[in-house]
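Here is the structure we will look at.
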Amino acid sequence: MESLPLVDATHTGAPDMSAGFSSWLLGTNALGGMFGMAIGIFIVLAATTFGSALLYAISGFGFAVLAAPLFLLFLDPARAIQLVIIISTAVSIAVLRGLLQAIAPWLLLRLALGSLVGLPLGLVAFRYADPILVRAAAGAMIFGFAILMAVSRRQSDPPGKGNHWTAFAMNPGLDLAAGAISGFASALVGQPGPPVLIYLLLAGAAPRTVRATLLAFFALSYGVTLASHAATIGITASTWLAAGILIPFAFLGGLAGRPIGDRLGAETFALLAIALLAVAGAYTLGAAALAFATA
């Protein structure tokens with residue numbers, strides 16, 4: 001969730017803490033409710049949107065990591081996830097405009113083609129697998145990779161040496177494989193981002209290329225997901241209205257984060273990305289534990 005949202009709309013298992021607020025903001029009279037909303041809740045959602053977009057523009061990843069947990073506290077799961085999808089699509093397109101020249105087009109194409117192969121396999125697995133166990137396993141793997149990369153970089157990059165640890169060189173076959181794993185993970189646990197980010201970090205890709213390629217990949221993924229939601233599940237007018245209220249805050253965060261990301265060095269970018277992976281893994285594990293406890 002940067003990935004696609006970290007929590008599946010139908011398999012969160014999270015308690016509904018938001019009946020009053022969701023009916024207020026996303027109910028049949030959303031416009032009227034908007035003016036009677038608790039200002040504190042609006043500030044939290046707006047600040048979350050701004051901060052998530054800022055992080056997203058800096059790293060190319062992490063909007064859903066920060067936004068999804070707080071959105072789910074105040075909104076029902078299906079609508080919270082649709083809001084994350086809509087806002088992420090908009091901010092991806094907005095931020096990407098300044099990074100178009102940094103996109104590796106053939107890498108992006110291979111990742112996208114691979115994801116199309118992995119997606120149906122993930123859908124089949126999703127139908128038959130226990131969603132709680134799958135989410136727990138995915139969270140443990142992501143968190144484990146983050147720890148492994150942090151330890152490996154520390155051991156192979158002593159202070160002052162200027163060496164940057166990489167596990168392998170990128171090649172078309174690995175690009176397709178990373179995309180396939182991403183598509184599989186997107187369908188199975190709603191997380192296409194971590195596999196691609198882990199692959200690019202392990203291969204030592206340049207930070208600007210990583211950011212631009214991830215943002216372009218997510219723009220495509222979120223765009224397809226948004227279209228599929230609109231065509232199959234349906235998105236209510238009040239959800240679009242709520243997204244329209246929050247998107248300006250996302251644009252402001254994206255505009256503020258883009259120059260910061262442009263100035264990040266390779267080492268700082270890698271450490272930020274590893275930290276985001278660790279947070280994503282820990283959050284996914286926590287969501288699985290909560291779903292198990294409330295099942």
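When region 137-153 is filtered for residues that are open to solvent by less than 30 Å² (accessible area, probe 1.4 Å), within 16 Å of PHE184 (Cα to Cα) and among the aliphatic types (A, V, I, L, M), the ones remaining, listed by number, are ALA138, ILE142.
Filter the helices (runs of 4 or more DSSP H) completely within region 169-228 down to those with at least 1 residues that are acidic (Asp, Glu) and more than 13 Å from the chain's Cα centre (by Cα). It comes to 172-189.
Considering each residue of region 244-262 in turn, at least one proves to be farther than 25 Å from GLN82 by Cβ and crowded, with 16+ Cβ neighbours inside 10 Å. PHE126 satisfies every condition listed in (1) at pLDDT 75 or above; (2) under 24 Å from ALA68 (Cα atoms); (3) more than 17 Å from the chain's Cα centre (by Cα) except (1).
Within region 206-225, if we keep just the residues that are open to solvent by 30 Å² or more (accessible area, probe 1.4 Å) and of a type in the set (A, V, I, L, M, F, W, C), the residue that is nearest to ARG110 (Cα to Cα) turns out to be LEU220.
The values are calculated or read from the model by the stated rules, or taken from the named source; none is laboratory data. Because the structure is a prediction, the values reported are computed rather than measured. Methodologically, a virtual Cβ is constructed for each residue, glycine included, from the backbone with ideal geometry; neighbour enumeration extends over all protein chains shown. We work out accessible area using only protein heavy atoms, side chains counted, and drop any ligands, DNA or RNA first. Shrake-Rupley method; radii C 1.70, N 1.55, O 1.52, S 1.80 Å.
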